[in-house]
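Novice: I'd like to ask you about the structure that follows.
The values are calculated or read from the model by the stated rules, or taken from the named source; none is laboratory data. Model, not experiment: these values are computed from the prediction. Cβ: placed from backbone, ideal geometry, glycine included. Neighbour counts: every protein chain shown.
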Amino acid sequence: MNTRQTSDVSIVAFWKSINVWIIPVFASILLFISTPYVGEIQKIIAHYTGKHSDKIIFSFILIFIISFMGFAFWKLRWKSPDKYLKFFVIVILYFIAIRYFQNPNKRVRVIEVIHFIEYGVLSFLFYKAFKSNQKSELSLANFLFPVIIMSIIGVLDESIQWIVEKRTGEIRDVMVNIVAGLLPQILLVLFSPFTKNWFYISKKQIPILLRGLIGFTVVISIFFAFAHLGFKFKLDNTVEMVSHFTQDQLREINRNPLITEKIIKYMNSKNAWNPENYYVSEAKGHEGARNKSYDIGRLDFAYRENEILETCYEPYLNASKAWWEPEKKEAAFQLINNLQVKLYRSPVGRQILFTGIDPRIYWIVVVFLVFAITKL
């Protein structure tokens, strides 16, 4: 074989190695580009379907998933009983996951559940791409890589949603994305043949997986420091809160007599989008956490939620008439005085957090991990 023929073979081999990556990479880019417009699409659907839009979207998702699995079931014509059992196991897992994230306590929007379709297809495409470039036998690495990649894409997707107008990136939606990318790999594991080297990860695969894991830790740390923690400030000596707004902005909102009127109009129509929407979302998160904490007997948490509501979200309380009953406030106040300890709250609502953690810690983690990647 002469030099030219060798060169041609090398080019063909190189093209084949990258060709399988084109579709999943292009699909990922398309997902990022379309992110700012998903809200508009949902508005169009709501315009024609009215209050039933969520049910229609949710039904479409279920029909698509069931139809896809039914097609696979018919196409493969499985004959062994164990594959029937595996098929129903994955159907049940999908059902549990969707129902879990649609639980009212999780408050994940219906439109986010469509990621079970988007991320499911993407996860399968990345699996095919990674597998085609591996010369070794099928092993655990073939399934771990797509999960890691989809987790990174899921965080980046929510980061874009946090940045663009009319979208809100949340840590709960990140979890939806990760689970949506994980479920197809569970399906593939169930229907893949187990070999003696199934748990073996080659020396070439280890650095790839480590870089992926470190990359995920970097993006989730940045997301947590930026999107999830937001603007952090002290409310009093014992409570730290985080908001889309700075402390000065919240004071300005509370001083503006027109804000209450705007919030009332928004809560009645929910058509116009403006900065007050974040204000309402944050306030609703605190109100829900306050009421739930009181119901389960955590009066200390309930009191702090109410303090934030009364201090930073007075227009919302006026508009929604969600002021706390005096007897509940007094009971919580007595308990909080008796405790005399610092208490911090976990994430509540959109970009809301009580925390004793300084966001700069996450940047230290990020710098360290980026350095670690360069040394792999």
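Novice: Of the residues 264, 259, 201, which single one is under 18 Å from residue 148 (Cα atoms), at pLDDT 75 or above and of a type in the set (A, V, I, L, M)?
Specialist: 201
Novice: Let me ask something additional. Can you confirm whether residue 336 is of a type in the set (A, V, I, L, M, F, W, C) and either modelled with pLDDT of 80 or more or not assigned by TED's automatic domain parsing to the domain that holds residue 280 (or both)?
Specialist: Answer is no for this residue.
Novice: Quick check on my filter: what residues within region 305-321 are crowded, with 17+ Cβ neighbours inside 10 Å and either assigned to a loop (DSSP other than H, G, I, E, B) or modelled with pLDDT under 80 (or both)?
Specialist: Within region 305-321, 313 is the sole residue that qualifies.
Novice: Next question. Within region 22-131, considering only helices (runs of 4 or more DSSP H) that don't extend past its boundaries, which have at least 3 residues that are under 19 Å from the mean Cα position of the chain (by Cα) and modelled with pLDDT of 70 or more?
Specialist: It comes to 81-101.
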